[in-house]
1. How would you rank 228, 274, 376, going from fewest to most other Cβ atoms within 10 Å of each one's own Cβ?
2. Test of the criteria: in region 55-149, which trypsin sites (Lys or Arg not before Pro) are in a DSSP loop and have at most 15 other Cβ atoms within 10 angstrom of their Cβ?
3. Given charges of +1 on the Cβ of Lys and Arg and -1 on the Cβ of Asp and Glu, with all other atoms neutral, how large is the dipole of the chain about its Cα centre, in debye to the nearest 20?
4. Taking +1 at the Cβ of each Lys and Arg and -1 at the Cβ of each Asp and Glu, which of 286, 370, 270 sits farthest along the dipole of region 239-385 towards its positive end, judged by Cα position relative to the Cα centre?
5. Can you sort 198, 121, 144 by how many other beta carbons sit within 10 Å, fewest first?
6. I'd like to know which of 45, 82, 97 lies farthest towards the positive end of the charge dipole of region 21-101, counting +1 on Cβ of Lys and Arg and -1 on Cβ of Asp and Glu.
7. Sort the following peptides by mean Cβ neighbour count (other Cβ atoms within 10 Å, averaged over residues), highest first: 13-20, 331-338.
8. Run through the DSSP bridge list for the chain and note the antiparallel percent, rounded to the nearest 5.
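Read the figures in this text as sums done on the coordinates, not as results from a lab. Everything numeric here is computed off the predicted structure, so don't read it as measured data. Reconstructed Cβ throughout: ideal geometry from the backbone, glycine too, with neighbour counts over all protein chains shown.
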Amino acid sequence: MNIHEYQAKELFRKYGVPVPRGGVAFSPEEARKTAEELGTLPVVVKAQIHAGGRGKGGGVKVAKTLDEAKELAGKILGMTLVTHQTGPDGKLVKKVLVEEGLDIRKELYFSIIPDRASAKIILMASVAGGMDIEEVAHKTPEKIIKVSVDPLLGIQAAHCRQVAYRLGLPDEAAKAAAKMVAALYKLFVEYDCSQVEINPLVLTGTNQVLALDAKINFDDNALYRHKDVPAYRDLDEEDPLEVEASKHNLNYIKMDGNVGNMVNGAGLAMATMDIIKRAGAEPANFLDVGGGANAEMVENGFRIILSDKNVKGILINIFGGILRCDVLASGVVEAAKKVGLNVPVVVRMEGTNVDEGRRILAESGLNLTAAKDLADAAAKVAGIVK
């Protein structure tokens, strides 16, 4: 689960991580009022969307007067901001963050991420802040600092000092940065984060170290332990079909293709998408209804797939175990009758009660094509959408 920059900075403040003074605004008038309350100029007006690269897309502007802050907020609010992370459709800006301007001497990078390969938590930093860190890692990997922390032992003072001093900070600033690293690690662990990132982390002319930007991503599987986090969720930033799927405990991710697919099991779903592409088509979604799905969940999943207007054909790939083939077939038939099946469906199923499942589908009167195996199913659905 992602949250906005201004929300991440609220959590930063809670853990004693220095951030610029500022406030969120939902209208040009609010932006001007917030700038006036800061009592300092210039101010920075920043679009709040769940994507990076906002500055390059025109979503971050510096205002030298209160009226200019209002004017710039008016231009940013309501704009469709396109960045390398939003895709070509962009995201509609509905709120801005108005912050005090800073005397920036140096821009750095810092993040905390889990490394599943080593089962460690990685503190990652770079002297090349304010840039795409992927590009830095690719072109100048020597500028990437990585410090591994054993989560069973926790972070130590030596870890924090290693990051701070390898960034080449003055002694006073290095001490503050080391303290910041410890605080951010605590936040990362206590909130079950999958990522904490600051880009850029800045050194000011007075040797202060502040988080000029803030990004936090939470592990969805741990949200039940954090009753305050769901309040940060902004449904406007999520795909409507993904929001709808989450209401029914379905694992659904929308994609750009035209082959909708329904599968039980994440691994099987990934393999199904690969085989669809290998057959020359493009998957329109990832949908794992889960091994313990019932007819209602299958019906909801089918309805969500059909809600995607890009879908020209559907591939159902089920290996019946806990989710029996007859239960899946009944759910598909019920969903098709309620929603209205207007695209061809290719079905490949094996496993528990497969004969009964095939009988239900065969007698449904729906536009269905049976497949003997997965390769055959992918070839057939690819031929349909072409």
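1. Ordered from fewest to most neighbouring Cβ atoms within 10 Å, 228, 274, 376 come out as 228, 274, 376.
2. Here the trypsin sites (Lys or Arg not before Pro) that fit, given the DSSP loop and packing criteria, are 56, 64, 94, 116.
3. Value, rounded to 20: 460 debye.
4. 370
5. Lowest count first: 144, 121, 198.
6. 82
7. Result, highest mean first: 331-338, 13-20.
8. 75
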